[in-house]
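Before any comments, here is the structure.
The values are calculated or read from the model by the stated rules, or taken from the named source; none is laboratory data. Here the structure is a predicted model, which is why all the values come from computation and not from measurement. For neighbour counting, all protein chains shown are included, and Cβ atoms are generated from backbone atoms with ideal geometry for every residue, glycine included. With ligands, DNA and RNA removed, areas are computed over all heavy atoms of the protein, side chains included. Shrake-Rupley method; radii C 1.70, N 1.55, O 1.52, S 1.80 Å.
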Amino acid sequence: MGWFGPKLPIDLDELDFQLATFKWLIAQFGPVGEQPLVLPTRAFFPLSGAGGEAGVLEIFEAVRGHAGMADWPCELQGGQQNRPFDVGNNIFLKHSGSAPCGTFEIGEGPAGTYGIISYNPDMAHDMAGLAATFAHELGHYLMATATADPPGGWELHELHTDLAAIYLGFGIFLANHARSFEHFSTESSTGWRSSIQGYLSEQALVTGLCIFQRLAGREPAEAEPHLKPYLASVLRNADKALRKTAPDMAAAVAAMKLDDFA
């Protein structure tokens with residue numbers, strides 16, 4: 001691409017992994033086709049403003065609908081909550097040891113199998129973060145119906161699941177909520193804390209978003225107004241670099257040899 005050309009946000013090995021995963025997703029679940037890029041707008045989330053469990057359920061049902069999984073049998077549960085921070089004299093805390101944002105498992109009932117998705121109740125106020133969580137967990141549900149192993153095997157399934165959530169249209173949500181950095185204040189302390197959501201890096205998620213848009217025949221730039229400003233810059237660079245690395249995205253995906261990742 002040249003020393004002064006656009007630089008791909010991820011290395012070529014990770015790009016190959018993403019292209020191979022998209023090939024596997026398409027082979028298992030169908031082409032990207034008309035799957036929309038879901039935006040964090042009222043057009044996609046016409047919520048009533050209800051709080052608590054009712055508000056969480058509204059977000060969940062909206063995500064299920066946009067993912068094309070509204071009729072998949074599923075149970076939503078409140079899961080583990082974060083442990084309180086022991087702030088002491090610290091002014092910065094990493095959000096390590098917190099409860100998972102969400103979980104997925106398969107349940108068995110009289111009518112057959114169904115998905116069980118849980119969410120961290122501490123996220124009930126974070127609508128966009130919940131949407132990212134539900135998209136990831138629904139990606140698990142989708143992948144649970146696969147008939148072949150993903151590239152590299154199921155040991156890498158969390159990485160595949162982030163890409164599956166992008167395949168379902170939720171790349172903006174995953175990228176925006178992969179990292180957060182926020183101020184906190186208690187009666188005795190104040191400072192900053194960070195948290196991590198998902199498994200792929202922000203750069204990898206934005207690259208996957210570009211691939212998804214190109215496979216759908218749309219411009220990646222459609223996502224730019226809805227991304228964090230620094231991620232919008234990553235998106236522009238990724239798009240420019242991918243147009244040189246993979247000018248025909250569909251052909252680049254089709255050319256991947258999944259056996260190379262066995």
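Structural remarks
- Boolean, Glu14 is modelled with pLDDT under 95, of a type in the set (Asp, Glu) and assigned to a helix (DSSP H, G or I): no
- Selection over the stretch 100-144 of residues that are among the acidic types (Asp, Glu) and either open to solvent by less than 20 Å² (accessible area, probe 1.4 Å) or assigned to a strand (DSSP E or B) (or both) gives a count of 3.
- Among residues of the stretch 89-115, those that are at pLDDT below 65 and closer than 26 Å to Asp126 by Cα, counted: 8
- Taking the criterion of being part of a helix (DSSP H, G or I) and hydroxyl-bearing (Ser, Thr, Tyr), no residue of the stretch 42-85 qualifies.
- Among the residues listed as Ala135, Ala111, the single one being of a type in the set (Gly, Ala, Ser), farther than 16 Å from Gln77 by Cβ and without any contact (Cβ under 8 Å) to a residue 40 or more places away in the chain: Ala111
- Selection from the stretch 112-151 of residues that are within 25 Å of Ala27 (Cα to Cα) and among the small types (Gly, Ala, Ser): Gly115, Ala132, Ala135, Gly139, Ala144, Ala146, Ala148
- Pairing each residue of the stretch 204-223 that is touching a residue at least 60 places away in the same chain (Cβ under 8 Å) and under 16 Å from Leu8 (Cβ atoms) with any residue that is among the charged types (D, E, K, R) and part of a helix (DSSP H, G or I), provided the two are 6+ apart or on different chains, yields no C-beta distance under 6 Å.
- Within the stretch 240-262, the set of residues being without any contact (Cβ under 8 Å) to a residue 60 or more places away in the chain and in contact with a Cys (Cβ under 9 Å, 6 or more places away or on another chain) comprises Met249 only.
- Ala221 being farther than 12 Å from Ile166 by Cβ and open to solvent by 20 Å² or more (accessible area, probe 1.4 Å): yes
- Among residues of the stretch 5-51, those that are exposed (fewer than 12 other Cβ atoms within 10 Å of the Cβ) and under 17 Å from Asp239 (Cβ atoms), counted: 2
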